[in-house]
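Every number in this text was worked out from the coordinates using simple rules, so none of it is lab data. Note that the structure is a prediction, hence the values are computed from the model and not measured. In this analysis, Cβ positions are derived from the backbone assuming ideal geometry, glycine residues included, and neighbour counts consider all displayed protein chains.
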Amino acid sequence: LRKIAKYIEIFKVSFLSSSIYSREAFSSIIFLVIILFIFFSLWRTIFSNTASIQDFTLSKMLWYLASTELLMLSGSRIMRRVDEEIRSGNVSNLLTKPFYYPIFLVCDSLGTSIFKFIIKMPFALILAFLFTLKLEVSIAGLCSYLLLGFLGLILDAEIIILIGLLSFFIEDTQPVFWIYNKILFTIGGLFLPISFMPSFFKKLALYLPFRFVLYNPSYSFVNFSVNFFLNSIIGVTGSVFLAFLLIFIVFRTASRRLSINGG
Amino acid sequence: MADKKYSKYSYLLEYVKINFLTAIEYKTSFFLQVFGMILNDIALLFFWWALFKNIGTIKGWSLNDVITIYAVVATGFGFATGIFGNVFRIPYLILRGELDYYLTLPKTPLMHILISKMSFSAWGDVAFGILIYILIVRGTVGQVVLFILLSIASSLIFVSFSIIISSIAFYYENAQVIFDEIINSVITFSLYPSSIFADPIKIILYTLIPAGLVGYIPAYILKNFSFKNLAILIGAVILFMIIGLILFNRGLRKYTSLSSPGQRI
């Protein structure tokens, strides 16, 4: 229990320290409002000629977009820090601390993500309500969104940490981060639900775990069904474990390559 | 009579050349940034392509029309930050008292500030914008020429508007936050057809946040050419440039140096 308690403390410290960066929070909220406004306007124009496209009505689409964008803008940004710690050699100091470095990173990232999620959530939901004038959500949908979203943020943090750990092997990890970011943007379902995609990309999206970060929580939010929820829980939990296993392997391999020269 | 080799504006060309050579010197960084920009552009195109597979047109705008908006903005933005690389850093330079260096030299400070830096990744945007216009939209030679001219107009509006907003930094110390938000809004709004927005928003997009002039209007001229619209756009470019110049020069009178150490001499 003491082991778990220290990681909870790391989460808490990260959560509280995020509140200091009010400028970032302000900018991020403005960006959220602008991007939702644009996409709400775009979809309202598209739906002006039709009642539904695929399995989405206009209001479902707007609530879906609000929830994907909220998760996206709450996502982990810890990669640069991991990258710097490895490049500067500071990681050797962190290895002597009484915690397992990758779990420390996950908790730290999660603390920031949850803070960002909480402060942005009212803005996303109010804007969705103002555009649709109805609550396109059920209690079950909301609960499943919060649970799947939380697990999705863990998965996101793990993927980002994995990318950061690549600094042990490659010179610059930034392009890998860009690729991940654009995967979320495209087949991750950020602006377009997977059902809207051409068949090849739809299959690709369904086979890959990236949909658990944004698409599955948000789809479950607006189109809740027990089956989809259970499939999502199994999928995201499996992906979280798999990602952690990968982190464990990469970190162990990398630690062996680490040479500390003193000083 | 001025020496031909060192005419009044030859330093501009020299700066562009030096900036390019610096960029090429850091090859990995240069190509990485260009790659990042192109990746970003491809992701947005994927969105539009997948969207138009499900719908016909959006208020008369087809996939090709939207790609034209995108190409104009990417190329215009690329020219703006590729040549005038300091365009986003003016508030920072003002607030940190770093205009001193430019004020001590005989060249016009504003132009000198703008041109003394280059964004490497911007050239990825330029290449991408021109390529997608040629390969996907399949414009004729005449249209490609017009496309490049309109992209230059778009970049001039973008640069002039940035100067206007930068001038706030002469009067208000938290200007950087305002500048970042407004410029981000212009870029974000400029990538979508203005016709999707309600009328009051459209008015804002043609005046206070001129995103419509940066993307939609040039693309509209390419779609339905008329001299009237072209004249309006050129008029807007001139107007924004004059306002930018007046506000910057007025603000410059308020500028006080911080005598910050580490000045570039």
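Structural remarks
- Using alpha carbons only: equivalent-ellipsoid semi-axes of the range A:63-184, gyration tensor based, whole Å: 33, 15, 11
- The C-alpha atoms of chain B occupy a region whose extents along the principal axes are 60, 42, 39 Å, arranged from largest to smallest.
- Whole-percent pair-distance distribution, where bins are 5 Å wide, for the alpha carbons of the range B:135-265: 2, 10, 17, 19, 18, 13, 9, 6, 4, 3, 1
- Evaluated over the range A:1-122, the Cα radius of gyration and Dmax, each in Å: 19.3, 63
- The modelled label-to-label distance between B:Ser195 and A:Val33, using points 7 Å beyond Cα along the C-beta direction, is 2.9 nm.
- Fewest-first ranking of B:Arg89, A:Arg2, A:Arg252, using other Cβ atoms within 10 Å as the exposure measure: A:Arg2, A:Arg252, B:Arg89
- Just so you know, the averaged projected area of the alpha carbon convex hull for chain A sits at 15.5 nm².
- Shielding by other protein chains, B:43-53, mean Cβ within 10 Å: 5
- Principal axis box of the range B:33-85, alpha-carbon based, largest edge first, Å: 39, 20, 10
- Using the Cβ-Cβ distance between A:Glu171 and B:Glu181 with R0 set to 41 Å, the FRET efficiency works out to roughly 0.75.
- Eigenvalues of the alpha-carbon gyration tensor of the protein assembly as shown, scaled by 5 and square-rooted, set the equivalent ellipsoid semi-axes at 40, 32, 22 angstrom, largest first.
- Label point of B:Leu135 set 7 angstrom out along Cα-Cβ; within the range B:196-234, no amide nitrogen lies under 14 Å from it.
- 3J(HN,Hα) along the range A:103-113, derived from phi through the Karplus expression 6.51 cos²θ - 1.76 cosθ + 1.60 where θ = phi - 60°, amounts to 5, 4, 5, 4, 5, 4, 5, 5, x, 5, 4 Hz, with x in place of Gly and Pro.
- Taking a point 7 Å out from the Cα of A:Leu142 in the direction of its Cβ, the residues of the range A:219-238 whose backbone N falls within less than 16 Å of it are A:220-224.
- Longest to shortest principal axis, alpha-carbon extents of the range B:190-233, angstrom: 25, 17, 15
- Each of B:Val186, A:Val91 was scored by other Cβ atoms within 10 Å of its Cβ. Arranged with the fewest first, they read A:Val91, B:Val186.
- Pairs of Cα atoms in the range B:50-121 fall into 5 Å distance bins, from 0 up to the last occupied one, in shares of 3, 14, 17, 14, 11, 9, 8, 8, 6, 5, 3, 1 percent.
- Diffusion coefficient, µm² s⁻¹, Stokes-Einstein with Kirkwood Rh over alpha-carbon pairs of the range B:1-129 at 25 °C and 0.890 mPa s: 144 µm²/s
- B:Ile234/B:Thr57 FRET efficiency (R0 30 Å; Cβ-Cβ; nearest 0.05): 0.55
- Sites B:Leu252 and A:Ile126 - FRET efficiency at Förster radius 51 Å, r taken between beta-carbons, to 0.05: 0.75
- Long-range tail of P(r) for the range A:111-263 (Cα pairs > 24 Å, %): 42 percent
- Restraint check, A:Lys6/A:Lys120; B:Lys53/B:Lys223; A:Lys3/A:Lys97; A:Lys60/B:Lys202; A:Lys182/B:Lys53; B:Lys17/B:Lys107, Cα-Cα greater than 24 Å: A:Lys6/A:Lys120; A:Lys60/B:Lys202
- Dividing the convex hull volume of the alpha-carbon atoms in the range A:43-83 by its residue count gives 85 Å³ per residue.
- Proximal charge balance of B:Phe170 [Cβ under 9 Å; K/R count +1, D/E count -1]: +3
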